[in-house]
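Right, one structure below, let's go through it.
The values are calculated or read from the model by the stated rules, or taken from the named source; none is laboratory data. Worth saying up front: this structure is predicted, and the values here are computed from it rather than measured. Neighbour counts run over all protein chains shown; Cβ positions are idealised from the backbone, glycine included.
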Amino acid sequence: MKRVVAVLAMVMAGLVPVAQAQPITGAGGTFPAPIYAKWGEAARAATGIELNYQAIGSGGGQNQTLNGTVDFGASDAPMDPEALATNNLLQFPTVIGAVVPVINLPGIAANQVKLTGELLAAIYLGKVTKWNDPQLARLNPDLTLPNLAIAPVYRADGSGTTFVFTSYLSAVSPDWKTRVGASTSVRWVAGHGARGNDGAAATVKLVRGSIGYVEHAYAARGQLTTTQLRNKAGAFVAPTPRSFTAAADAADWAHAPGLAVNLIDTAGAASWPIVSPTFVLVPKSPRNPTRVAEVLKFFDFAWRSGGESARDLDYIALPAAVQDAVRTAWRAELRAEDGTPLYQ
């Protein structure tokens, strides 16, 4: 008993080292930021790993990875295989999310308005400028849409959410594909820019007549008005966990190079058409192997224990087979200088 009291006194006096959280740093997409924050809270309590994640956009995440200023970068836009090879990086998916259109229309409730990808493209191309445009009216005969100017909101920063959204518009609109295309940053024809998913959500909430696109967790958290969207099967679907999961289940993960599967406009009557994995980048020859090993430990813990948290925020957990494929890649491709695998 005396020994226990003595040890406790030494701890209180700072003479005995106490286990401290192991910090890891990441930066990148705002798309996965809500779930990374939730996983970070759980991981700190359970494993001692302390996550410091900066939601600066996918472009920033890729750049900081290339500059070696973070332990991992996060990007919703997958880096192409040539760039991965040139920079000796490993890329892997972490979770699946959905991008949703959000609107600010007086008297209109969530998911009352129906939209198509072609109409979304026309709005962002400046071709459809009023909410009572005949094309919108024909699509929504049971609604009285106001004679109100449409105010498109887009991401002003390099954004993986923009990559996902513009990839969808390019898939459904030849005009959009030719004039604008898909990228983390594009030359917008109409609208006003906002930084981050938070900024886009806040702008839509503030501006009457606005329309924007955000990751679904931001729409739910901000209580924004979402819309129905016509999918590849021609069905109008609402943005729900069921429609997100239907899209993920339709994916061909086995034949996707680097597991960078394309979930845009997948088949199936129940599928939400704008769904995407988000990715993490780590160096294959890290300057600090110990910290990269902690990154792998963090995501391994998140997959094993964080599925419910992902569902609560309307993300879709990676299928178990995909998680196992990622772990296999970790073992094969990430090693310390002495050849010891960073994940065992």
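Structure above, values below:
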item: Matching entry among Gly222, Gly193, Gly199 (being in contact with a helix residue (DSSP H, G or I) (Cβ under 7 Å, 6 or more places away or on another chain), farther than 19 Å from Asn262 by Cα and surrounded by fewer than 22 Cβ atoms within 10 Å (Cβ to Cβ)); result: Gly222
item: Long-range neighbours under 6 Å by Cβ, at least six apart or interchain, first residue more than 24 Å from Leu136 (Cα to Cα) and not assigned by TED's automatic domain parsing to the domain that holds Ala238 within the stretch 208-223, second buried (at least 24 other Cβ atoms within 10 Å of the Cβ) and modelled with pLDDT of 95 or more; result: none
item: Thr94 under 30 Å from Thr225 (Cα atoms) and of a type in the set (Val, Ile, Thr); result: yes
item: Failed criterion for Ala98 (all others in (1) closer than 25 Å to Asp198 by Cβ; (2) over 14 Å from the mean Cα position of the chain (by Cα) hold); result: (2)
item: Residue list for the stretch 200-215, filter: at pLDDT 95 or above and not β-branched (Val, Ile, Thr); result: Ala200, Ala201, Ala202, Lys205, Leu206, Arg208, Gly209, Ser210, Gly212, Tyr213
item: Cross-chain or 6+ apart pairs with Cβ under 7 Å, the stretch 180-200 first and part of a loop (DSSP other than H, G, I, E, B), then among the charged types (D, E, K, R); result: Val180/Arg187; Arg195/Asp157
